[in-house]
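Everything on this sheet refers to the single structure shown next.
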Amino acid sequence: MYSKIVIVGGGAGGLELACKLGRKLGPGDVALVDSQLYHIWKPSLHEVAAGTLDIHREGLSYQMLAHDNGFTFVYGPLTGFDAEARTIDVGAIVSGVADEEIVPQRRLGFASLVLAIGSTSNHFGIPGADEHTVSLSATEDAERFRLSLLKLLTHVELRKPTQPDAGVDVVIIGAGATGVELAAELREASSAYASYGLRRVDPVKDVRITLLEGAPRILAPLPERVADAALKQLARRHISVMTGTRVAKIEAHQVSFADGTVHRSDLCVWAAGIQGPALLARLGLPTTRSGQVEVDGKLAVKGLSHVYALGDCAACVGADGIPVPPRAQAAHQQADYLLRHFLLQEAGKPLQEQPYRYRDYGSLVSFGPGTSVGNLMGSLKGFSWFVEGYVARLLYVSLHLMHHRAVLGGIRTGVLTVARFLIKKNTPLVKLH
């Protein structure tokens, strides 16, 4: 197999690049490789974990997107890379039920390769974090958390007649955007679960949510006014917040702090940091201490002019010398930068001289279907607008719709939005199985 441009990873940036290039160049020149069959927008994984978003209804089929946008979809994980031969190995797909090989291992040749394989959790060597926490790095992680939560809530419901104080302690380590959004979404979801049969479960008293943060305040990268507004929203939802805490050890049913105190934990989520997938170093690519692949100002992997990287897996330093943060808006911008590069290359025109420059348009933090908080960056350097409430929520939803528009087109995004609204009116508020 051969494709002129091969993109590995169907996250926000990789998929947008594949769709936009496919519409211009066609399936013979553009291929997307991913180990999953369906795409879920990563910023919405906290909704998957809480059960308020069903991946089987909301997921977009890569095969459908390939057909509609003119690229080739290759199903399987990246397992090997030969820079000199310009080939990658795509692993076999094995049935989890019969342990039978469905799709064999393949070798795929390329002229240009783009790595967009995202990130994994960085546990910073804390004992027990690997074994006793769940991260939200991928869809399967979020689904695993959801099923664990549903099981625990069911056990509480059954124990209530004999154990009135039975409950679930959920601990979230890391009060960045992911941790804060998950905490708020879990509070919304716990009320919904209680109304769908788990009537003995008190959504506030019996679902105890604690948010731990090592920094002096939550949402440390965002303006203090946004963090203060978020803290008030968490307090309204009866979510306990502990800042300035250093986790020393994690066990099956408790989290231990550096000062010797412990906190009970039935379900622990790690949202305190990310690192590049270990696969990058195993493939012989240049990586940083955090495991991200090193790229130059034009997103080319250092030492490999025909290999590029974008999104969370890339250690990219902007034109201003500041590392580009691992955000969806950065991946979107990097995808557009590489889109221009490949189209100029295909047309035989001079390539871009200007390096990639990250533009921060602000950040929004969701607190469920009713409200959000955040800041929007203005055209003047250092100037931003604080937004909260329903307006902020509309802006937050619009970010997801903009991503859908990039991969589906405007008309289909509009139809899908209406369809999902109608479906939600006739289905449970949370996934119950």
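The values are calculated or read from the model by the stated rules, or taken from the named source; none is laboratory data. This structure is a prediction, so every number in the text was calculated from the model and none was measured. Here the Cβ positions follow ideal geometry from the backbone for every residue, glycine too, while neighbour counts run over all protein chains shown. For the accessible areas, the whole protein counts, side chains as well, though only heavy atoms, and no ligand, DNA or RNA atoms are used. Shrake-Rupley method; radii C 1.70, N 1.55, O 1.52, S 1.80 Å.
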I'm checking my understanding of the structure. Among residues of the range 81-96 that are part of a strand (DSSP E or B) and more than 15 Å from Met1 (Cα to Cα), which one is least open to solvent (accessible area, probe 1.4 Å)? Ile93
Which ranges mark the strands (runs of 3 or more DSSP E) fully within the range 246-288 that have 1 or more residues being touching a helix residue (DSSP H, G or I) at 6+ places or on another chain (Cβ under 9 Å), charged (D, E, K, R) and open to solvent by 20 Å² or more (accessible area, probe 1.4 Å)? 247-251
Do we have any residue at all in the range 371-390 that's open to solvent by less than 40 Å² (accessible area, probe 1.4 Å), part of a loop (DSSP other than H, G, I, E, B) and in contact (Cβ under 8 Å) with a residue 40 or more places away in the chain? yes
In the range 137-156, what count of residues is obtained for those that are open to solvent by 20 Å² or more (accessible area, probe 1.4 Å) and either within 25 Å of His238 (Cα to Cα) or not in a helix (DSSP H, G or I) (or both)? 11
Looking at (1) in contact with a strand residue (DSSP E or B) (Cβ under 8 Å, 6 or more places away or on another chain); (2) open to solvent by 20 Å² or more (accessible area, probe 1.4 Å); (3) more than 30 Å from Ile423 (Cβ to Cβ), can you tell me which one Asp99 breaks? (1)
Modelled with pLDDT of 95 or more and either farther than 30 Å from Leu429 by Cβ or among the aliphatic types (A, V, I, L, M) (or both), is that true of Ile209? yes
Return a yes/no flag: does the range 154-163 have any residue that is among the polar types (S, T, N, Q) and under 23 Å from Val255 (Cβ atoms). yes
Looking at Tyr356, Tyr361, can you tell me which residue is of a type in the set (Ser, Thr, Tyr), buried (at least 21 other Cβ atoms within 10 Å of the Cβ) and under 30 Å from Ser121 (Cβ atoms)? Tyr356
Looking across the range 33-60 at residues that are among the polar types (S, T, N, Q) and touching a helix residue (DSSP H, G or I) at 6+ places or on another chain (Cβ under 9 Å), the single one that is most open to solvent (accessible area, probe 1.4 Å) is Gln36
Can you work out which of the residues in the range 216-232 that are buried (at least 19 other Cβ atoms within 10 Å of the Cβ) and touching a Ser or Thr at 6+ places or on another chain (Cβ under 7 Å) is farthest from Thr178 (Cα to Cα)? Leu222
Taking Ser305 and the conditions (1) farther than 27 Å from Glu84 by Cβ; (2) modelled with pLDDT under 95, which numbered condition does it fall short on, given that it satisfies the others? (1)
Hey, Ala315 farther than 27 Å from Leu45 by Cα, buried (at least 16 other Cβ atoms within 10 Å of the Cβ), without any contact (Cβ under 8 Å) to a residue 60 or more places away in the chain and of a type in the set (A, V, I, L, M, F, W, C) or not: no
For the range 187-200, state whether one or more residues are of a type outside the set (Phe, Trp, Tyr), closer than 17 Å to Met242 by Cβ and touching an Asp or Glu at 6+ places or on another chain (Cβ under 8 Å). no
Matching residues, the range 102-136, being part of a loop (DSSP other than H, G, I, E, B), surrounded by 14 or more Cβ atoms within 10 Å (Cβ to Cβ) and either of a type in the set (Gly, Ala, Ser) or in contact with a helix residue (DSSP H, G or I) (Cβ under 7 Å, 6 or more places away or on another chain) (or both): Ala116, Ile117, Gly118, Ser119, His123, Gly128, Leu136
Inspect all residues belonging to the range 304-317 and state whether any of them is under 22 Å from Cys19 (Cα atoms) and aromatic (Phe, Trp, Tyr). yes
Single match in Ala189, Ala184, Ala166 (criterion: small (Gly, Ala, Ser), in a loop (DSSP other than H, G, I, E, B) and open to solvent by less than 60 Å² (accessible area, probe 1.4 Å)): Ala166
